[in-house]
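**Q** Sharing a structure here in structure tokens format.
The values are calculated or read from the model by the stated rules, or taken from the named source; none is laboratory data. No experiment lies behind these values; they were computed from the predicted model shown. Here Cβ is always computed from backbone atoms with ideal geometry, including for glycine, and neighbour counts include all displayed protein chains. Side chains are part of the model used for accessible areas, which takes the heavy atoms of the whole protein and leaves out ligands, DNA and RNA. Shrake-Rupley method; radii C 1.70, N 1.55, O 1.52, S 1.80 Å.
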Amino acid sequence: MSILDDDKAAQREELIGLLTQAYWMEIETVMSYIANSINPDGVRAQEIIESLQEDIQEELDHAQQFGRRIKELYGVVPGSLDFKAEQSYLQPPDEQTDIVHVIRGVIEAETGAIDHYNKIIEFTEDLDPVTQDMVVAILHDEEGHRRLFEGFLREYEVEGLA
Ligand SMILES: [Fe+2]
Ligand SMILES: [Fe+2]
């Protein structure tokens, strides 16, 4: 009894759909974090820039993990023409000193990932423990990312800047 069995084809297809969405979310996060790790101006931006630079590498690794799992499940990693952008909240702010805009955008991106990965974990329960294990580990990373940026936001809130 395995997710790779012939009679699991329908569930496998649905799971590949969920993993493909996760793959695109990671790719878009890489794009958004690259821009937001370069654009910000000001002394206070440095902590955010360094943190996003680290996250870029982790999100890229997540994208690769999702891609490899899609292939293991007999799927095909999509080409770039299938990409559709969704992260309106992570576009560059009007002022590049607007760090709060970036922090809030990161929290929203991480929250979206956390919600979607919890959905995959639920879907794979009693169906595909390997995918579930992988996504649990990735979810742990995203929760860490969100917590870090919630801390950054708290600092601005305490000072009345957010
Ligand atoms: Fe990620
Ligand atoms: Fe993340």
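**Q** Under the √(5λ) rule applied to the eigenvalues of the Cα gyration tensor, what semi-axes describe the equivalent ellipsoid of region 1-43? Give them in Å, descending.
**A** Rounded to whole Å, the semi-axes are 39, 7, 5.
**Q** Moving on. All other residues with a Cβ under 13 Å from the Cβ of Arg147 taken together, and with Lys, Arg as +1 and Asp, Glu as -1, what is their net charge?
**A** -4
**Q** Exactly which trypsin sites (Lys or Arg not before Pro) in region 66-113 are in a DSSP loop and have at most 16 other Cβ atoms within 10 Å?
**A** Sparse-neighbourhood loop trypsin sites (Lys or Arg not before Pro): Lys84.
**Q** While we're looking at this one, here's another question. Leaving out ligands, DNA and RNA, what percent of the accessible area of the chain is carbon and sulfur, probe 1.4 Å?
**A** 51
**Q** Please give the net charge around Asn39, taking every other residue with its beta carbon less than 12 angstrom from that of Asn39, where Lys and Arg add +1 and Asp and Glu add -1.
**A** -4
**Q** A further question follows. Rounded to the nearest whole Å², what accessible area per residue is found for the chain with the 1.4 Å probe?
**A** 56
**Q** Working out 0.36 nm times the residue gap between Asp5 and Phe123, then minus their Cα-Cα distance, what length gain in nm do you get to one decimal?
**A** Full-extension gain reported as 40.8 nm.
**Q** Relative to the longest principal axis of the chain, what angle (0 to 90°, nearest 10) does the C-alpha long axis of helix 9-38 take?
**A** Taking Cα atoms only, the helix is inclined about 20 degrees.
**Q** Looking only at region 137-158, which residues have a backbone nitrogen under 11 Å from a spot 7 Å from the Cα of Gln53 in the C-beta direction?
**A** Taking a point 7 Å out along Cα→Cβ of Gln53, no residue of region 137-158 has its backbone N under 11 Å.
**Q** What are the ³J(HN,Hα) values, in whole Hz, obtained from phi via the Karplus relation 6.51 cos²θ - 1.76 cosθ + 1.60 with θ = phi - 60°, for each residue of region 143-155 in sequence order, with x given for Gly and Pro?
**A** Listing the rounded values in order: 5, x, 4, 5, 4, 4, 6, 5, x, 4, 5, 4, 4 Hz.
**Q** Additional query: Excluding Ser88 itself, what net charge comes from residues whose Cβ is under 13 Å from its Cβ, given Lys and Arg +1 and Asp and Glu -1?
**A** Net local charge, Ser88 excluded: -1.
**Q** Something else about it: Measure off 7 Å from each Cα along the Cα-to-Cβ vector at Ser80 and Val43, then give the distance between these two points in nanometres to one decimal.
**A** Placing both labels 7 Å beyond Cα along the Cβ direction yields 4.0 nm.
**Q** So for the chain, considering every pair of alpha-carbon atoms, how many percent are separated by more than 23 Å?
**A** Everything past 23 Å amounts to 41 percent.
**Q** Between the alpha-carbon centers of region 93-138 and region 146-162, tell me the distance in whole angstrom.
**A** Using only Cα atoms to place each centre, the spacing works out to 19 Å.
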